[in-house]
Each structure stands twice: as structure tokens, then as C-alpha cells.
Number of protein chains: 2
Amino acid sequence: MKKLINAPENVVKEALAGMAIAHADLIDVHFDPDYIVRKGAPHNKVGVISGGGSGHEPMHGGFVGYGMLDAACPGAVFTSPVPDQMLAATKAVNGGKGVLHIVKNYTGDVMNFEMAAELAAAEGIEVASVVTNDDVAVENSTWTAGRRGVGVTVLLEKIVGAAAEAGADLATCKAIAERVNANGRSMGMALTPCTVPQAGKPGFELAEDEMEVGIGIHGEPGRRREKLAPARDIAEMLAGPILEDLPFKSGDAVLAFVNGMGGTPLIELYVMYNELARILKDRNITIARSLVGSYITSLEMAGVSFTLLRLDDEMIKLWDAPVHTPALRWGM
Amino acid sequence: MKKLINAPENVVKEALAGMAIAHADLIDVHFDPDYIVRKGAPHNKVGVISGGGSGHEPMHGGFVGYGMLDAACPGAVFTSPVPDQMLAATKAVNGGKGVLHIVKNYTGDVMNFEMAAELAAAEGIEVASVVTNDDVAVENSTWTAGRRGVGVTVLLEKIVGAAAEAGADLATCKAIAERVNANGRSMGMALTPCTVPQAGKPGFELAEDEMEVGIGIHGEPGRRREKLAPARDIAEMLAGPILEDLPFKSGDAVLAFVNGMGGTPLIELYVMYNELARILKDRNITIARSLVGSYITSLEMAGVSFTLLRLDDEMIKLWDAPVHTPALRWGM
């Protein structure tokens, strides 16, 4: 196992410690229970929090800051955080206007966020939740009942974070979040596996001439294992199911998000973006906004995912609103 | 060779095409000769350009935009661009106040930028050049006479770009660039090699328990091949030679830049940042500014480099100034 770490059991805490120093102007890191919280919390607004297993950086901790998340709860690598973390984070960000939980659809995350929401409610905090489930690759999976939550989560956290920052109330934030999830679809693939530090060996294997199409962000199986193919064919394999599922139609305006899985160089992401842009142009779908980079990752896995979000004017306005987090920043 | 590409010989052009669409608000891409140029060029200021082999993305094309570069010339992967590219870019950004060439110290780059500068001068364009050579790992290397130019180049492009944007003249821009280069030092290491697409196989090999310390950004040999070590030991191996070289002293304020080589997940970069912060604290060196991410890469190589830049007040002000490029953005 080749990793820049000290001991496998300390990776998450040490990375959090590094984040705390590197971004001391934006965030505070609380340990035991572990959560990352926006500087100066609680703010006079709806609190927006998320969380999930570590190993997907910069998601979610890298999205804590002005205009996005108020807190993030990192679990062990590829392991749900525990309710104590979500409860502590919920209390830390509650400014009296309620707290929205953004939950990716994985069984452990959903269960633990639900428990935290009940505990918070028992303490008089109003909590609403949204569950993302945008991955069109599989209907059920090793880790989920129903579809997995993937790339749309990043976009949703930005858009809803902007709404909360602008003063939207909890019901409005929840409604916008549900609209974003309903209008977004994703699918990913991998060229190589990844290794959970405490496991010490890859979670699966791929031959030198193989790739996994429809893979999940924990390396869980996708639709099928295939022979390696050119970028243009891979782009079709990912974009096709996404476009058919919603379905996206001629005349739609979308946010096109090409995401690296952690070990993918940027030059390849731009090659893939070029292919996606061609596919969308052929279908008369306009790319109104773009995001290219590694934002929801699977440790050092090499691969790519596409996310398309059908935009309306309000979503565009909220996407464009200022944001200042470790991983996404503009307008300030 | 596992890559998200179509044909090896088309990778650079297709990635440039993707960038052109993804960042159409910021840049234009010109083909044959290939260069990326800031929207609306020339601007009424000193033009700042750079260039070098591709495979180091986002450097340099990702740094074209307001407050940083006016143009970038991408060569083939790990191959210097040709003088025609630099000449065309120089002419495209020349607003009558002269053009600064930022050149990393590699033999091909230096030679071709010199030739382009002479050709531009013959057409009446005032050109000044700065050569970065911040890599303390080796005094000479496969690809250079003298030290290699690495991470400081990123910081220098930001700082000098801000100076040019603020109206500094060519001599002032060159002087600031030289001051940044003189006060910055870097060193890197790799856990895994990388494969140039047209070569089809890794440029070197590393056993499962080996790493290369002091490696260059093309995979060229470093100081030594060693057994894998914990993050804290690797941090000492990189920071030690950097700190001794300038030397950095108790009381210095630095910009600490922890850079991923392309295939390194962010969680590991934060573990390494945490180690670097500890080392600096022990020596009473203050981290005044930070940058953590993959900004000067070697395709899919897994590894890390440290860059430390000793800051003065003017450098801090220029670092903090607004920038809007595909890869670095703040203040706007």
C-alpha cells in the first residue's frame, strides 16, 4: 500500500488537523466527536450540514464556509459518521432557524442522520433532511436501498448553501434541495481500484485492459466490467444513461460537472469534458455552467464521473452567488 | 496504459479544446501554433506569459486570466513548446508595455523562450525573462543545466500577475519575479511513476516498497531511491533540504505550498500539510499563507512536493490580490 500517511488508523484525524491549520480563516475542527464547522457558527440563518465517510475529499469538509455548508461530519474512511457527530454539528450550527441535513443515500448515512435528527428534535431543534440519490448506474447496490447519492450532492450543497446564506427559511431550503436532486443525474467509471488504509489492499481488482462502468464512490460494483475504451466511448457510456433517465431534452440548459475520482489527472478530465460537450451539443442541450475537477473522490481511484443538472433561473442565480470554502471559492 | 484519452497523439489538443469550452468566459484557445490567451487580449498592461510541456496541468493554461497570466504555451507532453508558440503568444498579449516571459529552467524551454524573445524583439516588442530554478533536490539533472524550476513557478505567476494587473512596468515585474524566485525553494517525491501517452509505458519503475525522493516533474531521477516511509519522515526529507538551502530562519513568514503530483488524493495532501506545519512551528517559522492542492503535476504520478516562499509585505499584498483563472480564483 503506497500512501502518504503515518498510521492507517490516524489518517482521518491527521488530515483534519492539517485542514484546520491550512484553512484557519474559514473553519474550526472539533475532535471527539469529529466535525468541521464554519468559523463564527452559529450564524443567523438556516444551518446546512452534511457528512459521510472520509476518502471523498474535498467533499464534505472542503465545502464548509460562507455560502455553502455550516458543518461537515467525517466518518472513518468509507464509513458513515455516527449520530453523535451529526448531533454535535447540528447543535453547533443551530442559530434558531433550523438545520438542514444533506444526506447521501447510503444505508448507514441515512440511518445515522435520522437518529441525529430525532435527538436534535428532542432538544428542540427543527431539522429537515434531504437525501441525494442521483446515480443512474444501479437501482440498488451493496451499500444502498435505492440509488446512490453522488455528484449532485456537491452541486446541491452549493446551491442550497447560497439559499440559506440569502435568508431562505428551512422549508424553502428543503424544497430547493429536493428540486436540485430531482433534476440531477450522475454516473461514474473507474480505471483503477483504491485501497482503504485500514484494509491495506485494493477493494477490488481490475485487469490491465479492464474498466468498471457505473462504479460507486466506494469502489462498489457498477453495471459491468468492460475492456478499456477510448474517451469518446466512455463518455457515451456515462452520458447516455444520464440523458435518458431524467430525461434531458433538446433545449435544456444544464450544469455539466466532470469529476475526477481522486487519481485522475486534470488533462484527462478536460479530454472527457470535450467529449461530453460534443454529446450535449449534438442533442441541442446548452451547457450554461461547468465544473471540472476532483470534488467527490474515492481516495486514489483513477476514473471519472459525469453529473448533469438541469438548471432553472433560480438555480443559476444561487450557483453564481459568492462562496468561500477551502475547495470552492468565487465572488469573494 | 490506462488513461481517459482517445489517441495518444491527440491528448493535448483535445484537452485544450475541452478547456476552451469549459472556460469560455476567461480564455480563448488558439491552435497551430497552440496557445491559451486571456479573453480580450491585449490588455493595457505588461503582458505575462509562460509555457512548457503539457502533463503538468493546471500549470500553465489553468493560470491564464485576470491577475495572473495573459497567455500560456503548452508543448507536447513533457516536451518544450516551440518558439513559434511563444512568439505568437507574445504578439497576442503585447499591449505596448512589454511582455514578461516566465520560464522554468529546463534546457528546451530556456532555449526556445530565448529564441522567441529575440524574434519578438526583432518585431519591436520589449521582452524580459525570468527563469525559475527553485528545486533543491539536484544541482544539475537529466533535463537541465542548474536547478529545475518547479513549484515556485505557480506562486511567481500569481504574484507577478497581480503586479502587472496593478500597472507595474516591465522592469518592476521582472524585479518582483526575480525576488520571488530568490526567496522560494521546493522539493518533491513520488510513490508511483507516470506514463507519457505516446510512450505507452512508465518512464521509470518503483517497487511496491520504494519511493523516489527529490524527483523532478517529468519523473527524472531525484536524490535517491528509498524504502517507503511514514508521512512524518517524508515531510522531514523534503522540508529539511528546503529549509537549509535558503536558509529559512526563525521568525520568517512563509507561504507553505503542499502540491500533489497528479494522482495524489487530497486527504494525503492534508496529512502532509499537517506534518509540514509541525516542522515549521518547531523552527518558529510562521505560515502566513497556504496553498494545498495539485497545481504543478506529472500526469498521474502519485507523490507530493513542498514549496516554501519567504514572504515580504509586498508579496503578501500581491498574493492576496484578486485572481480569476480556471485553477486559481479569489476576490472576484
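A short reminder: the numbers here are calculations on the coordinates, not readings from a lab. Quantities reported herein were computed from a predicted structural model and do not represent experimental measurements. Cβ sites come from the backbone with ideal geometry, for glycine too, and all protein chains shown count toward neighbours.
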Subject >> Check: the range B:12-183 dipole with +1 on Lys, Arg Cβ and -1 on Asp, Glu Cβ, in debye >> reply: 300
Original post:
Which percent, nearest 5, of DSSP beta bridges in the range B:185-311 are antiparallel?
Top reply: 75
**OP:** Distance check, please: which entries in A:Lys13/A:Lys91; A:Lys13/A:Lys45; A:Lys317/B:Lys13 exceed 26 angstrom between their Cα atoms?
**Re:** A:Lys13/A:Lys45; A:Lys317/B:Lys13
**OP:** Sequence neighbours fewer than 8 away in the same chain don't count; with that in mind, list the lysines whose C-alpha is under 20 Å from B:Lys201.
**Re:** A:Lys2, A:Lys227, B:Lys2, B:Lys3
Original post:
Hey, got the average number of other protein chain Cβ atoms within 10 angstrom for residues in B:292-303?
Top reply: 4
**OP:** With N denoting the number of residues in the range B:185-311, provide Rg(C-alpha) divided by 2.2 N^0.38 Å, to two decimal places.
**Re:** 1.04
**OP:** For A:Thr107 paired with A:Ala145, estimate the spin-label separation in nm (one decimal), with each label point 7 Å from Cα along the Cα-to-Cβ line.
**Re:** 0.9
**OP:** Could you tell me which of A:Asn10, A:Gly262, A:Ala239 has its Cα farthest along the dipole of chain A towards the positive end, charges placed at Cβ (Lys, Arg +1; Asp, Glu -1), taken about the Cα centre?
**Re:** A:Ala239
**OP:** Take the Cα coordinates of the protein assembly as shown, assign each an equal point scatterer, and use the Debye formula without solvent to give log10 I(q)/I(0) at q = 0.05, 0.06 Å⁻¹.
**Re:** -0.21, -0.30
Original post:
If you average the sequence gap of Cα pairs under 8 Å that are 6 or more apart and divide by the length of chain B, what percent do you get for the contact order?
Top reply: 18
Original post:
In the range A:114-143, which GluC sites (Glu not before Pro) fall in coil by DSSP and have 15 or fewer other Cβ atoms within 10 Å?
Top reply: A:Glu123, A:Glu139
Original post:
Where the label is 7 Å out from Cα toward Cβ, how close does A:Gly40 come to the same position in every other copy, in nm, shortest first?
Top reply: 3.0
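Using the crude model of +1 on Lys and Arg Cβ and -1 on Asp and Glu Cβ, and no other charge, please compute the dipole size for chain B relative to its Cα centre, in debye to 20.
So the dipole magnitude of chain B works out to roughly 500 debye.
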Original post:
Which length gain, in nm to one decimal place, applies between B:Ala171 and B:His43 when the Cα-Cα distance is subtracted from 0.36 nm times their residue separation?
Top reply: 44.3 nm
**OP:** Name the shape class, rounded, prolate or oblate, that the alpha-carbon gyration tensor gives for chain A, where a ≥ b ≥ c are the square roots of its eigenvalues, rounded holds for a/c under 1.5, and otherwise prolate holds if a/b is larger than b/c and oblate otherwise.
**Re:** oblate
Original post:
Taking every DSSP beta bridge that has both residues in the protein assembly as shown, what percent is antiparallel when rounded to the nearest 5?
Top reply: 55
**OP:** Please grab the % of Cα pairs in the range A:58-116 that end up more than 16 Å from each other.
**Re:** 41
**OP:** Subtract the Cα-Cα distance of A:Ala121 and A:Ala288 from 0.36 nm times their separation in residues, and report this length gain in nm to one decimal.
**Re:** 56.2 nm
Original post:
If we hang a label 7 Å off Cα along the beta carbon direction at A:Glu244, how far is it from the matching labels on the other copies, in nm, shortest first?
Top reply: 6.2
Subject >> For B:53-60, mean number of other protein chain Cβ atoms within 10 Å >> reply: 2
Subject >> Cα gyration tensor shape for the range A:1-150, rounded if a/c is under 1.5, else prolate or oblate >> reply: oblate
Subject >> Residue mean of other protein chain beta carbons inside 10 Å, A:322-330 >> reply: 2
Original post:
Where does the Debye-calculated log10 I(q)/I(0) of the range A:103-193 sit at q = 0.13, 0.14, 0.24 Å⁻¹, using only Cα point scatterers of equal weight, no solvent?
Top reply: -0.49, -0.56, -1.23
Subject >> Label-to-label distance, nm, for residues given as B:Arg223 and B:Asp312 (7 Å Cα→Cβ offset) >> reply: 2.9
Subject >> Among A:Asn94, A:Asn44, A:Asn259, residue whose mean-square fluctuation peaks in a GNM of chain A (springs only between Cα atoms under 10 Å) >> reply: A:Asn44
**OP:** Note the distances from A:Glu208 to each other copy's matching label point, with points 7 Å along the Cα-to-beta-carbon direction, in nm, sorted shortest first.
**Re:** 1.7
Subject >> Highest-fluctuation residue, A:Phe248, A:Phe78, A:Phe204 considered, GNM on chain A with Cα pairs under 10 Å >> reply: A:Phe204
Original post:
Can you name the chain A residue with its Cβ nearest the rotation axis from A to B, and give the distance in Å as a whole number?
Top reply: A:Gly263, 2
